[in-house]
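First up is the structure itself, then whatever we jot down about it.
The values are calculated or read from the model by the stated rules, or taken from the named source; none is laboratory data. Just so you know, these numbers come straight off a predicted model, no measurement behind them. No Cβ is skipped: glycine too gets one built from the backbone with ideal geometry, and neighbour counts run over all protein chains shown.
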Amino acid sequence: MHLFDPILLRGVALQNRIVVSPMCQYSADEGCATDWHLIHWGQLLLSGAGMMTIEATAVTPDGRITPGCLGLYDDATLRALSDRLARARRQAPPTAVALQLAHAGRKGSSQRPWEGGALIPPAQGGWTPLAPSAIPHAEGEAPPAALDAAGLARIRDAFVAAACRAEACGIDALELHLAHGYLLHQFLSPLSNRRADAYGGSLERRMKFPLEVFDAVRAVWPERRPLGARISATDWMDGGWTLDDTIVLSRELKSRGCDWIDVSSAGISPLQNITATGPGIHVPFARAIRAATGVATMAVGLITDPKHADAIIADGDADMVAMARAFLRDPRWPWRAAAELKATVRGAPQYWRALGKENAGIFGELRAGQR
């Protein structure tokens with residue numbers, strides 16, 4: 001396998017194994033996609049990646065990280081997302097589009113990152129965040145509200161409703177966000193889940209609600225469309241979630257029809273101590289999960305060099321490589337990778353002249369005699 005080999009995820013064919021990671025833009029209006037998203041998605045759809053993933057999309061208003069976060073929880077958010085995405089896709093070469101469904105949990109009601117990221121009190125336009133247990137994310141913050149049985153059912157059903165709306169938008173694939181300290185990760189980690197009921201305590205019980213959400217979404221998501229999950233492989237904290245736990249969860253997800261594990265880490269606490277650094281920081285986790293479970297994995301983490309990305313695939317460490325900041329810096333990263341690796345990539349004809357005759361061969365659509 002190599003980076004520019006195609007891959008089939010259920011009924012969705014990706015032209016290559018390059019994935020645009022979901023990247024929060026904090027630019028929605030009451031959960032509704034705006035023209036910022038139209039421009040952002042449009043440039044990423046022109047990138048030549050095999051799949052573009054829409055940012056963490058809240059399934060309820062109180063599931064947003066910030067007031068500027070994207071949502072898919074009512075008719076207004078459905079119309080806004082569907083319209084902008086359809087307009088962007090009409091102008092770009094055919095590209096698979098995934099969407100990440102999420103609930104922020106106790107990290108909700110926060111300022112945008114460039115505003116400081118602090119919790120916004122309800123009296124100042126925020127809301128009371130929800131969590132498995134009434135344990136704040138950071139010292140000095142107000143505790144979140146612990147979810148009761150009715151709250152769990154409401155959120156599970158909201159994931160299902162959002163998945164149905166995603167189908168109506170023409171989304172090709174879904175990814176459930178079980179990472180980075182958001183609600184479903186909060187249930188998994190013993191650092192944030194201190195419940196004494198069926199959803200807390202042992203590993204099996206802490207996995208129960210995230211797996212219930214996955215099962216409910218898989219039941220309504222079309223059989224031919226893939227469903228993946230992003231997981232934090234470790235909390236990087238003593239007494240927290242571990243790689244061994246992740247392997248157990250990945251086996252459970254695979255048995256329920258999960259098509260890939262998007263392997264990241266951290267996010268449960270500002271006290272985390274990340275001891276690994278550098279490009280491919282999460283690749284060893286992806287390799288371990290893939291080897292232990294057989295599930296397809298997606299490697300992420302400061303991957304920017306085309307030869308490095310290709311080696312990750314060729315060495316069997318992962319089945320796909322996902323990048324975020326690399327695409328913000330270079331929205332045509334797959335072009336550069338194709339030129340360096342002597343591969344081909346889709347490109348809009350308006351841009352064919354961009355690389356000059358010496359690299360024109362990366363655009364498979366070019367014909368002899370093209371000026």
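Tabulated data for the structure shown
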| quantity | calculated |
| --- | --- |
| Residue in segment 162-170 that is surrounded by 23 or more Cβ atoms within 10 Å (Cβ to Cβ), touching a strand residue (DSSP E or B) at 6+ places or on another chain (Cβ under 7 Å) and within 16 Å of I65 (Cβ to Cβ) present | yes |
| Count of segment 327-352 residues which are in a helix (DSSP H, G or I) and surrounded by 20 or more Cβ atoms within 10 Å (Cβ to Cβ) | 6 |
| Odd one out for A291 among (1) surrounded by fewer than 16 Cβ atoms within 10 Å (Cβ to Cβ); (2) at pLDDT below 95 | (2) |
| Residues satisfying the stated conditions in segment 138-152, i.e. assigned to a loop (DSSP other than H, G, I, E, B) and within 16 Å of R206 (Cα to Cα) | L147, D148 |
| Any hit, segment 265-275, residues being assigned to a helix (DSSP H, G or I), among the small types (G, A, S) and surrounded by 16 or more Cβ atoms within 10 Å (Cβ to Cβ) | no |
| The lone exception for H308 - which of (1) buried (at least 18 other Cβ atoms within 10 Å of the Cβ); (2) touching a Pro at 6+ places or on another chain (Cβ under 9 Å); (3) not hydroxyl-bearing (S, T, Y) it fails | (1) |
| Filtered residues of segment 38-57 (kept if hydrophobic (A, V, I, L, M, F, W, C), free of Cβ contacts under 8 Å to residues at least 60 places away in the same chain and either under 20 Å from P226 (Cβ atoms) or crowded, with 23+ Cβ neighbours inside 10 Å (or both)) | W41, L45, M52 |
| Selection status of I135, crowded, with 18+ Cβ neighbours inside 10 Å and not in a helix (DSSP H, G or I) | no |
| Subset tally (residues that are crowded, with 19+ Cβ neighbours inside 10 Å, outside any loop (DSSP other than H, G, I, E, B) and over 15 Å from the mean Cα position of the chain (by Cα)) for segment 311-325 | 2 |
| Members of segment 198-213 that are surrounded by fewer than 23 Cβ atoms within 10 Å (Cβ to Cβ) and in contact (Cβ under 8 Å) with a residue 24 or more places away in the chain | Y199, G200, L203, M207, L211, E212 |
| Counted residues, segment 147-191 - those being closer than 19 Å to C32 by Cα and of a type in the set (D, E, K, R) | 2 |
